[in-house]
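Notes follow once the structure below has been shown.
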Amino acid sequence: MRLSKYYSFTLKENPSDAYLVSHKLMLRAGMIKQATSGIYTWLPLGLKVLNKIKDLIRIAHIKNDVYEILMPTIQPSDIWIKSGRYDDYGKEMLKISDRNDNELLYGPTNEEMITDLVSNDIKSYKDLPKLLFHVQWKFRDEIRPRFGVMRCREFLMKDAYSFDLDYENSYYSYCKMFILYMKIFKLLGLKIIPVKAASGPIGGALSHEFILETSSGETQIFYDKRVFDHDVSNVNLTNKTDAIVATENILSLYSRTSEKHDLSVFKNTVESQNQIISNGIEVGHIFYFGTKYSEAFNANYINNKGSKELIHSGSYGIGVSRLVAAIIEANNDDRGIKWPKKVTPYDIGLINVRSDNDTCNCFSENFYKKFSKKYEVIYDDRNVRVGDKFHNMDLLGIPLQIIVGEKNLLNSNIEIKERVTGKSELININKVESYLEYKCEF
């Protein structure tokens, strides 16, 4: 991608109305633009990151037999009346009427819609279990939207839903999704603390939030720091025992939000050197709600003895658009963003120091044409001050910066800078290909 042709408008100064680092950097890097309070247009750079995160989450679900559907954003209000949740979201839930005066609403969540769907399709115990997910935009009319895409009114969510025969099987689905979430967050380069949490208007007897620790977070958390000692990389999610044991090992350690915090238990069960009191950002939330929605929608199945039983279910959410901001909160410095390799919009940033020099132009053009076939390259070919090019590439957070200068080329070298470490080194042009293969390896 040539920066001269890209839709990219960056800011040198922090916007005065932005408080969180992620909000400041997303605006400065030209990732988003506010349309109105709590609603944003995602610009090419921001959308590229958003899509990478979405695709990573999608692939992880599909690989583990969680299958994708797409439910509508506009829902009939009668299913919410049926579930008894019509008034639970208050003014946060946007209600509209069509030309025939049928009341509709912009769904803040999808438990009603999905349960209504499966209640008409699942008939027998042989039809279960089922795990489904979708990625869709949601709207909640927040009373005070703030912090950019961290707490906005329109946001992108991944919602998964499990449907099982009974509590035992539903608990396995819960544990499977719990570990899948831990695996996903690890892929994204995030250290996540799963905490016991309140269920809120969604309801249910079992609920955990996934918290990214950051001083700017609104959620207060109390946890045992040994929670980070558990590695879920090799947990086999198709093995019921493995998934349950791995989940329970993590949850055996104290980790709670302030709503569920018990000071005496915290002090008596966690050694003082392991006690952490901090703040964080919720990036995921899972719920087991048993037969709550099945009862409302008569979601039954016929068991192997010919009797009717209610389906047990759970829901599992990840804030996809919020994750973009959360990743930035965890990966930045005073120069800008430092993207993890898995979600970086571009692998390589190419900077031509001398746009007025034929040698530099020729090398840069050839480099761009060759390596764009294998990597995602952003080429700053603009005729601007070189200092602006360096500043811009750091702000955008591109992991590897290829700096092409006349003096180095005369010695058959180019400079390569790593954004995360800030280290630079001269590499012989004949060794660039092997160097990039090593550095861009995932």
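No lab work stands behind these numbers, since they all come straight from the coordinates. Bear in mind the structure is a predicted one, so any value in this text is a computation, not a measurement. Here the Cβ positions follow ideal geometry from the backbone for every residue, glycine too, while neighbour counts run over all protein chains shown.
Each residue of segment 381-398 was assigned a 3J(HN,Hα) from its phi angle through the Karplus curve 6.51 cos²θ - 1.76 cosθ + 1.60 (θ = phi - 60°); the sequence is 9, 6, 8, 10, 4, 4, x, 5, 5, 4, 4, 5, 5, 5, 4, 6, x, 5 Hz, with glycine and proline shown as x.
Could you give the size of the charge dipole of segment 346-439 about its Cα centre, using +1 on the Cβ of each K and R and -1 on the Cβ of each D and E, expressed in debye and rounded to the nearest 20?
Working: 14 positive and 15 negative charges, 23 e Å.
About 120 debye.
Annotation: the residues 73, 41, 344, sorted from fewest to most other C-beta atoms within 10 Å of their own C-beta, follow the order 41, 73, 344. Among 90, 319, 189, the residue with the largest mean-square fluctuation in a Gaussian network model of the chain, with springs joining Cα atoms closer than 10 Å, is 90.
The Rg/Rh ratio for segment 221-308, using Cα coordinates for both the radius of gyration and the Kirkwood hydrodynamic radius, is 1.12. Per-residue 3J(HN,Hα) values for segment 320-331, derived from phi via the Karplus relation 6.51 cos²θ - 1.76 cosθ + 1.60 with θ = phi - 60°, read 5, 5, 5, 4, 4, 5, 5, 4, 5, 4, 8, 9 Hz in sequence order (x marks Gly and Pro). Over the C-alpha trace of segment 35-81, radius of gyration and Dmax come out as 15.4, 41 angstrom.
Note on the chain: semi-axes of the ellipsoid equivalent to its C-alpha gyration tensor, largest first and rounded to whole Å, are 44, 25, 22. With helices as the sole contributors, the chain gives -9500 deg cm²/dmol at 222 nm; each DSSP H run of n ≥ 4 counts as -39500 (n - 2.57), and the sum is divided by every residue. Under 5 Å from the amide H of residue 397 lie the amide H atoms of 337, each residue being 5 or more positions distant or on a separate chain, with H modelled from the backbone and absent for Pro and chain starts. Taking a 21 Å limit on the Cα-Cα distance, which of the listed pairs 240/292; 342/417; 341/373; 183/342; 389/423; 48/158 fall beyond it? Violating the 21 Å limit, Cα to Cα: 240/292.
Take the Cα of residue 206, step 7 Å toward its Cβ, do the same at residue 39, and the gap between the two points is 3.9 nm. With θ taken as phi - 60° and the Karplus curve 6.51 cos²θ - 1.76 cosθ + 1.60 applied, the whole-hertz 3J(HN,Hα) list for segment 412-421 is 6, 10, 10, 9, 10, 10, 8, 5, 5, 8 Hz, x standing for glycine and proline. Close amide H pairs (under 5 Å, H built 1.01 Å from N) link residue 206 with 288, residues at least 5 positions away or on another chain.
Within segment 346-439, the percentage of alpha carbon pairs spaced more than 16 angstrom apart rounds to 50%.
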